[in-house]
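Okay, so here's the structure we're looking at.
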Amino acid sequence: MILYPLECLVAIRARREESAAGVLASARHDVSLAAAELDFRKHDLSDFLAGKEERLGRVFAAVEGKSVAMRDIDLVREALSNIEFEGVSKENEVVQAEAKLSKCESAVKEAHDNFVSAAKSSMKIDRHRTEWAHEAERMEERVSESEIEESVRLIPSPAAFSQEPFVNSVPNSVSRPSGDPARIFCAAAREVADAIFSSLSFVHGEGVLAIQLKGEVLDGSAIRMEVHGKTLKVVVEPATTDVRALVEGNRSAFEQYLGERINTWRISVALAERRGHGRK
């Protein structure tokens, strides 16, 4: 089985999802602590308010009906002030605890959104890997078919080639690609299909894809692919004049073979405009 070309991206997104899950769990723990602290501060304030009047009463009772000096009066004032200051401090502690809880809850929401985004990214790449694996498996099954069967499917009519393939379309002075046309187009179709199924964006019909064939396939010609609706246009930029003649004379056969490899779109094969005379 061919290794999935985006396997490293699968691992990266899995780690990102795992990290986001850890951040979310930590943020939720912080919310629990902040909620407990707020609950404690509220109870502390409530207990203070419940005993405040009794504490004030004890301060007044200490001097009520008695002859006291000015220093005693100052002490009473200080005690009353301390009680009031303690109440204000406890109210501030409640306000601060509420603000802390609100901040922690916002952090949980942000962490949750990041986790959902990371999980969706992981699901997307996993889904693409599954689709790619299915396509790769089908492609390997087709490759495993006998070369004779591939040749029969490729050549629509025995009359398409005479005793020497392409003798009518390629001058005798031009060296011809080695191997029969069926095998040549079979190898080209495999490389085109591999490039398509390893391209995450192109599988979903986005953009333009260009590849350079191996040297032994169509003499290393360049291939440009683009999607137009339900049609995949495959433009061959021949490396040599004999490759141009080969594709020109058997374009329909090339389209048929590519269609067997790639069944997502209708296949249209074209030749790029000539640029000079090319290699011989």
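Below, the figures for the structure above:
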{"quantity": "Partner lysines for LYS233 [C-alpha distance under 27 Å; skip if fewer than 8 residues away on the same chain]", "calculated": "LYS124, LYS214, LYS280"}
{"quantity": "Peptide ranges 18-31, 229-242 listed from the most packed, as the mean C-beta count within 10 angstrom indicates", "calculated": "229-242, 18-31"}
{"quantity": "Calculated FRET efficiency for the pair THR264/LYS103, C-beta based, R₀ 45 Å, to 0.05", "calculated": "0.35"}
{"quantity": "Cβ-Cβ FRET estimate between GLU248 and VAL208, R0 fixed at 25 Å, reported to 0.05", "calculated": "0.60"}
{"quantity": "Reachable lysines from LYS109, criterion Cα separation under 17 angstrom, eight or more residues apart if same chain", "calculated": "LYS100, LYS120"}
{"quantity": "Within straight-line cross-link reach of LYS66, aspartates and glutamates at Cα separation under 16 Å, skipping those fewer than 8 residues along the same chain", "calculated": "ASP74"}
{"quantity": "Ratio of the Cα radius of gyration of segment 7-140 to 2.2 N^0.38 Å, where N counts its residues", "calculated": "2.11"}
{"quantity": "For segment 217-241 and segment 95-135, distance of Cα centres in Å", "calculated": "41 Å"}
{"quantity": "Note, ³J(HN,Hα) from phi for segment 27-41, Karplus 6.51, -1.76, 1.60, rounded to Hz, x at Gly and Pro", "calculated": "5, 5, 5, 4, 5, 4, 5, 5, 5, 5, 5, 5, 4, 5, 5"}
{"quantity": "Amide H partners (placed H, <5 Å) of ALA239, local residues excluded", "calculated": "SER221, ALA222"}
{"quantity": "Distant-in-sequence amide H partners of TYR4 (H built 1.01 Å from N, under 5 Å)", "calculated": "none"}
{"quantity": "Whole-Hz ³J(HN,Hα) from phi, Karplus 6.51 cos²θ - 1.76 cosθ + 1.60, for segment 222-238, glycine and proline x", "calculated": "8, 10, 10, 10, 8, 9, 10, x, 9, 10, 9, 8, 10, 9, 9, 9, x"}
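Read-outs throughout are calculated quantities, based only on the coordinates presented, and are distinct from any laboratory measurement. Note that the structure is a prediction, hence the values are computed from the model and not measured. Positions of Cβ are backbone-derived with ideal geometry, glycine not excepted, and every protein chain shown enters the neighbour counts.
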